[in-house]
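Please read the structure below before turning to the comments.
Read the figures in this text as sums done on the coordinates, not as results from a lab. Note that the coordinates shown come from a computational prediction; the quantities given were computed from them, not determined experimentally. Every residue, glycine among them, receives a Cβ derived from its backbone with ideal geometry; neighbour counts consider all protein chains shown.
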Amino acid sequence: MSDKECGNDQDCVTKVIMKIEAREAAGRIKYGVGMERTDLTHVDWLNHAQEEALDLAVYLQKLICASEDTTEIERKEKTI
């Protein structure tokens, strides 16, 4: 199922589940362990989560800037 095949709510939920399962498998391959690891403290887990959230903020800002650029170009093209 491609990302474009989220025709209804259940399709979207299924797609998210598939992505979570794929990331879990990739993590096991990369790190040799899943979320059951016990070598991290609560603060370590929180720091990892914060780092992921900061990455997300950067990705969102990139898309916002790209959308603003596209919108500005479209606005200028309409005035020509």
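Before moving on, here are some points about what is shown:
- If the convex hull is drawn through the Cα atoms of the chain, its volume per residue in Å³: 149 Å³
- When the Cα positions of Ile73, His48, Thr14 are compared along the charge dipole of the chain, Ile73 comes out farthest toward the positive end, with charges on each C-beta of Lys, Arg, Asp and Glu.
- Cysteines in the chain that lack a partner Cβ within the 4.7 Å cut-off: Cys65.
- In degrees, nearest ten, helix 42-79 long axis to first principal axis of the chain (Cα): 10 degrees
- Counting charges near Ala66 (Lys, Arg +1; Asp, Glu -1) among other residues having Cβ under 13 Å from its Cβ returns a value of -3.
- Among the trypsin sites (Lys or Arg not before Pro) within the chain, those in coil by DSSP and having at most 13 neighbouring Cβ atoms inside 10 Å are Arg37.
- Virtual spin-label span in nm between Val33 and Thr79, 7 Å along Cα→Cβ: 5.9 nm
- Kirkwood analysis of the Cα pair distances in region 40-80 returns a hydrodynamic radius of 12.4 Å.
- Degrees between helix 9-31 axis and first principal axis of the chain (Cα, 0 to 90, nearest 10): 50 degrees
- Long-range lysine pairs (8 or more apart or interchain), the chain, Cα under 25 Å: 9
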